[in-house]
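**Q** Provided herewith is a single structure, encoded as structure tokens, for subsequent inquiry.
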Amino acid sequence: HQAKMIVDKDFVISRIDDRIYGSFIEHLGRAVYGGIYEPGHPAADERGFRKDVLSLIQTLRVPIIRYPGGNFVSGYDWKDGIGPKDQRPSRLELAWRTVEPNQFGLNEFVEWSRTAGTNVMWAINLGTHGVDEARNIVEYANHVSGSYWSDLRISHGYRQPHAIKTWCLGNEMDGPWQIGAKTAVEYGRVAAESAKVMKWVDPSIELVACGSSGKGMATYPEWEATVLDHTYEHVEFLSLHSYYGNHDNDTATFLGRSLEMEDFIRSVVATCDYMKAKKRSNKKMQLSFDEWNVWFHSNDADKKIEPWQIAPPQLEDVYTMEDALVVGCLLIALLKNSDRVRMACLAQLVNVIAPIMTENGGQAWAQTIFYPYMHASVYGRGQALVPLVQSPKYDTKDITDIPYLESIAVYDEQAMEVTIFAVNRDLTNSLPLEVDLRSFGACDILEHIVLQNDNLKATNTASEPNRVTPKMTGNATADGSKINATLGKASWNVIRVR
Ligand code: AHR
């Protein structure tokens, strides 16, 4: 029972696009109100931005954040969120059955993003809105001046254009739960026409078309093919969404779900490349996995929420140690496919299925899943190297041939460092690992970080925020270019080598 990995600097999957470590903030639950924005909070700045939350986000080095939804965006009028705050309307928000007070909108989010050191991925409404609003919002956000919408932005105090580069053409338009859901043809047409005029306003932008809201949808993958048939020449990205849960408390299967994520990615790549051939196109469609995470803990509680409140607690999953392992495996799955997955968003960032939790008026802390996400984002920049892995495997009733070892190495040429991310999926035994770094010469271990807890259901909460945190307890050693380590049972490992 042991695993081996060979890593060579000449065997490169791809240079990783930093935006693979993106995240997502929706006007939902306490993500905005009570999360990133809470005027009057002791840690809030003069704009109401919570500095304690900002500092946790800065630790994660989040490169891009999708906003303002999600299902929310399909009924959202972006004009409700601009101009003097006391004149902004409160609206019934039908996606999540709340009241949206519109005290935080486009300009606040752009300003907040600058402060957080991240970029904006703006999703437009293609549920209740269409081509006209699509061009107007790009004019408002990105046009310099001298037109109605750009001058309106300037009158709101923003002389410089926001230069929002990345735009999503709607959200999950295949889902019957979506406000203004569409067939693939209906969506493909409106997405193509919106894309066209948005780029006429600002040719420098890049666009993401909606793929299926999950691979379980009956219309998948025909949806992808039809949507791309209409939009191929107009967009740069196709989106993927996927959430994972452990409803049956079957942890061995839960840990294997990242294999399904990879399978999903491969089939969407195949559909994109089929359309490339059909179109005789030179363009390689890129993927934006712009919603992914573990999501299931809060499902029952959410059914009991009273409608039409402002920012009630919604989708507040409290994550466990085992969820952190799954998130680690999902991050590795994204990296293994980083030649085509150029952007990805951990859904979401604060309070709503999120690595960061807050109390209204109180503290902010890191959930268990914060740590693998932070390690990947901070140390996983550079080139993803092909992981040639030999590992014992196991079967469950749903999935077969799950390797106990899930791993990938990332080479940062500038720092001349290799980082090995590794999960041991074995719930009872540790796993000896040998990594052959043959092309790197003699190596030194910088550190071997471990996230592990004997209780797989252990969580970080307001009263005990540091129960699950990474420790420098790994035992990796280097002998020339060979690394040896014991990966503890059910553990997330970060082995940094120079
Ligand atoms: O992230 C929560 C929700 O999941 C989003 O609003 C929606 O796009 C998806 O179904």
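**Q** Cβ-Cβ under 8 Å, sequence separation 6+ or interchain: first residue in the stretch 258-269 and more than 18 Å from LEU405 (Cα to Cα), partner outside any helix (DSSP H, G or I) and basic (Lys, Arg). Which pairs?
**A** PHE264/LYS215; ILE265/ARG340; SER267/LYS215; VAL269/ARG340
**Q** Return the total of residues in the stretch 205-226 being farther than 13 Å from ALA270 by Cα, touching a Phe, Trp or Tyr at 6+ places or on another chain (Cβ under 8 Å) and more than 16 Å from the ligand (Cβ to nearest atom).
**A** Qualifying residue count for the region: 3.
**Q** Quick one: is ALA134 within 17 Å of PHE24 (Cα to Cα), away from the ligand (no atom under 16 Å from the Cβ) and either in contact (Cβ under 8 Å) with a residue 40 or more places away in the chain or not hydrophobic (A, V, I, L, M, F, W, C) (or both)?
**A** When the stated conditions are applied, ALA134 does not pass them.
**Q** Pairs under 9 Å by beta carbon, first residue part of a helix (DSSP H, G or I) in the stretch 370-399, partner among the charged types (D, E, K, R), six or more apart or different chains?
**A** Cβ pairs passing all conditions: MET374/ARG61; SER377/ASP18; SER377/ARG61; VAL378/ARG61; TYR379/ASP412; TYR379/GLU417; TYR379/ARG496.
**Q** Same structure, new question: Here are some residues: ASP8, ASP52. Which one is assigned to a helix (DSSP H, G or I) and of a type in the set (Asp, Glu)?
**A** Of the residues listed, the single one that is assigned to a helix (DSSP H, G or I) and of a type in the set (Asp, Glu) is ASP52.
**Q** Could you check how many residues of the stretch 414-467 are touching a Phe, Trp or Tyr at 6+ places or on another chain (Cβ under 9 Å) and assigned to a strand (DSSP E or B)?
**A** So the answer is 12.
**Q** Further, regarding this structure: Does ALA163 satisfy the condition of being farther than 26 Å from ASP229 by Cβ, within 24 Å of the chain's Cα centre (by Cα) and more than 16 Å from the ligand (Cβ to nearest atom)?
**A** yes
**Q** In the stretch 321-331, what residues are away from the ligand (no atom under 16 Å from the Cβ) and either within 13 Å of the chain's Cα centre (by Cα) or of a type in the set (Gly, Ala, Ser) (or both)?
**A** Passing the criteria: ALA324, GLY328, LEU331.
**Q** When you go through GLY170, GLY127, GLY157, GLY146 one by one, which is the residue that is free of Cβ contacts under 8 Å to residues at least 60 places away in the same chain and within 18 Å of LYS182 (Cα to Cα)?
**A** GLY127
**Q** Also: Restricting attention to the stretch 178-192, and to residues there that are outside any loop (DSSP other than H, G, I, E, B) and touching a Gly at 6+ places or on another chain (Cβ under 9 Å), which single residue is farthest from the ligand (Cβ to nearest atom)?
**A** Among those that are outside any loop (DSSP other than H, G, I, E, B) and touching a Gly at 6+ places or on another chain (Cβ under 9 Å), it is VAL190.
**Q** Restricted to the stretch 258-296, and to residues that are in a loop (DSSP other than H, G, I, E, B) and surrounded by fewer than 19 Cβ atoms within 10 Å (Cβ to Cβ), which residue is farthest from the ligand (Cβ to nearest atom)?
**A** Per the stated criteria, the residue is ARG280.
**Q** State yes or no: is ALA364 in contact with a helix residue (DSSP H, G or I) (Cβ under 6 Å, 6 or more places away or on another chain) and either crowded, with 21+ Cβ neighbours inside 10 Å or of a type outside the set (A, V, I, L, M, F, W, C) (or both)?
**A** Criteria met by ALA364.
**Q** Related question: In the stretch 129-177, what residues are surrounded by 22 or more Cβ atoms within 10 Å (Cβ to Cβ), in a loop (DSSP other than H, G, I, E, B) and of a type in the set (S, T, N, Q)?
**A** ASN171
**Q** Next up: Would you point out the residue of the stretch 26-40, among those that are under 20 Å from the mean Cα position of the chain (by Cα) and more than 10 Å from the ligand (Cβ to nearest atom), that is farthest from VAL62 (Cα to Cα)?
**A** Top of the filtered list is ARG30.
**Q** Tell me which residues, restricted to the stretch 342-361, are buried (at least 24 other Cβ atoms within 10 Å of the Cβ), more than 13 Å from the ligand (Cβ to nearest atom) and under 16 Å from GLU291 (Cβ atoms).
**A** Matches in the stretch 342-361: MET343, ALA344, PRO355.
Read-outs: derived from the displayed coordinates by stated rules, not from any lab. Given the structure is predicted, the values throughout are model-derived calculations rather than measurements. A quick note on method: Cβ atoms are made from the backbone with ideal geometry, for glycine too, and the neighbour counts reach across all protein chains shown.
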